[in-house]
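A.B. asks: Supplied in structure tokens, the structure appears directly below.
The values are calculated or read from the model by the stated rules, or taken from the named source; none is laboratory data. Since we're looking at a predicted model, the values are computed, not measured. Ideal geometry is used to build each Cβ from the backbone, glycine not excepted, and the neighbour counts take in all protein chains shown. The accessibility values were calculated without ligands, DNA or RNA, using every heavy atom of the protein model including side chains. Shrake-Rupley method; radii C 1.70, N 1.55, O 1.52, S 1.80 Å.
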Amino acid sequence: GLAIMAAVMLTAVPLTSGWVDSASVTETKAALQKAFSRTKSVALENSAKIVNASASAYLCNSAGVIYVQAVDQVTCGTRPIWKTALKTNVTLTVADTNFACIGLNNLGIPVALTLASGTVCSVSKIVTVRKGQATDVRTLY
């Protein structure tokens, strides 16, 4: 009886870990989409009256927090319009590179943007979300 119970417990631990990782990935994808939607709204509002192909808002990822920023604040995390913390140990990548930021123009289209830190933002809306063995790809819209 005790041996069977021990075997069940040893089997349940990896299953529980995988389930928790998968749930964290799902929650992160939802938070990322919400942040992107808010960024798009700020970009379309375009309170700074930026035209052409320049960014009017951006989304950035720093130290496990996603920020929505107006483009007049080119330091990630400085006076954000909105922010949300990511689950612990979740990583975001674009083309196998850590996802740092994405800028949107006044039409809500991704455009080139370099932050004050020198970080060059991605123009790709395809983000891979990972935690442990759980991985999923999210196309932001």
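A.B. asks: Check L140, L107 and return the single one that is in contact with a strand residue (DSSP E or B) (Cβ under 8 Å, 6 or more places away or on another chain), of a type in the set (A, V, I, L, M, F, W, C) and touching a residue at least 12 places away in the same chain (Cβ under 8 Å).
C.D. replies: L140
A.B. asks: Say we look at the range 95-115 and pick out the residues that are more than 22 Å from S24 (Cβ to Cβ) and in a strand (DSSP E or B); which of these is most open to solvent (accessible area, probe 1.4 Å)?
C.D. replies: Ranking the qualifying residues of the range 95-115, first place goes to T114.
A.B. asks: Across the range 35-53, which residue is farthest from the chain's Cα centre (by Cα) among those that are open to solvent by 20 Å² or more (accessible area, probe 1.4 Å) and closer than 14 Å to I102 by Cβ?
C.D. replies: The qualifying residue farthest from the chain's Cα centre (by Cα) is V42.
One line per residue, one yes/no per condition, for (1) part of a strand (DSSP E or B); (2) without any contact (Cβ under 8 Å) to a residue 24 or more places away in the chain; (3) out of contact with any strand residue (DSSP E or B) (no Cβ under 8 Å at 6 or more places or on another chain); (4) over 18 Å from V94 (Cβ atoms):
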| residue | (1), (2), (3), (4) |
| --- | --- |
| S22 | no, no, no, yes |
| V51 | no, no, yes, yes |
| A55 | no, no, no, no |
| I66 | yes, no, no, no |
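A.B. asks: Quick test of your reading of the structure: A43 fulfils all but one of (1) assigned to a helix (DSSP H, G or I); (2) more than 20 Å from V137 (Cβ to Cβ); (3) out of contact with any Leu (no Cβ under 6 Å at 6 or more places or on another chain). Name the failing condition by number.
C.D. replies: In the conditions (1) assigned to a helix (DSSP H, G or I); (2) more than 20 Å from V137 (Cβ to Cβ); (3) out of contact with any Leu (no Cβ under 6 Å at 6 or more places or on another chain), A43 misses (3) alone.
A.B. asks: I would also like to ask the following. Which residues, taken from the range 116-141, are exposed (fewer than 13 other Cβ atoms within 10 Å of the Cβ), assigned to a strand (DSSP E or B) and either of a type in the set (S, T, N, Q) or at pLDDT below 95 (or both)?
C.D. replies: T139, the sole residue that qualifies.
A.B. asks: Of (1) of a type outside the set (D, E); (2) within 29 Å of T16 (Cα to Cα); (3) open to solvent by 30 Å² or more (accessible area, probe 1.4 Å); (4) in contact with a Phe, Trp or Tyr (Cβ under 6 Å, 6 or more places away or on another chain), L92 satisfies all except one. Which?
C.D. replies: Tallying (1) of a type outside the set (D, E); (2) within 29 Å of T16 (Cα to Cα); (3) open to solvent by 30 Å² or more (accessible area, probe 1.4 Å); (4) in contact with a Phe, Trp or Tyr (Cβ under 6 Å, 6 or more places away or on another chain), L92 fails exactly one: (3).
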